[in-house]
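The values are calculated or read from the model by the stated rules, or taken from the named source; none is laboratory data. Model, not experiment: these values are computed from the prediction. Using ideal geometry, Cβ is built from the backbone for each residue, glycine included, and neighbour counts are taken over all protein chains shown. Note: areas computed on protein heavy atoms with side chains; ligands, DNA, RNA excluded. Shrake-Rupley method; radii C 1.70, N 1.55, O 1.52, S 1.80 Å.
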Amino acid sequence: SFSDADQRLAEDIGRRAAMLAEREAILAMLQRTAWNKRKAASKLKISYKALLYKIKECGIVDPRSNAEF
């Protein structure tokens, strides 16, 4: 039987693993669609707004926006 601390740790690990998997799926789809967010959202079967939220939540940065000045 798990203690409360063990249970919380397992849930935290699960959440992190899920976010990492989601981040990888989103990043792969963005790359496949040449960073066309509307097309990526459609292919991922989520709304455009949800994709924008997840991009921010997962810390995904468009490599094209890293222009040096």
Only one of (1) among the hydroxyl-bearing types (Ser, Thr, Tyr); (2) open to solvent by 50 Å² or more (accessible area, probe 1.4 Å); (3) more than 14 Å from the chain's Cα centre (by Cα) is not met by residue 48, so which one is it?
-> (3)
Within the chain, which helices (runs of 4 or more DSSP H) (wholly inside it) include 3 or more residues that are of a type in the set (Phe, Trp, Tyr)?
-> none
Among (1) open to solvent by 50 Å² or more (accessible area, probe 1.4 Å); (2) modelled with pLDDT under 95 - the single one residue 58 does not satisfy = (1)
Among the numbered criteria (1) open to solvent by 50 Å² or more (accessible area, probe 1.4 Å); (2) in contact with a Ser or Thr (Cβ under 6 Å, 6 or more places away or on another chain), which single criterion is violated by residue 5?
-> (2)
List the pairs whose first member sits in segment 14-33 and is of a type in the set (Asp, Glu) and open to solvent by less than 80 Å² (accessible area, probe 1.4 Å), whose second member is in a helix (DSSP H, G or I) and modelled with pLDDT of 95 or more, and whose Cβ atoms are under 9 Å apart, counting only residues at least 6 apart or on separate chains?
-> 22/54
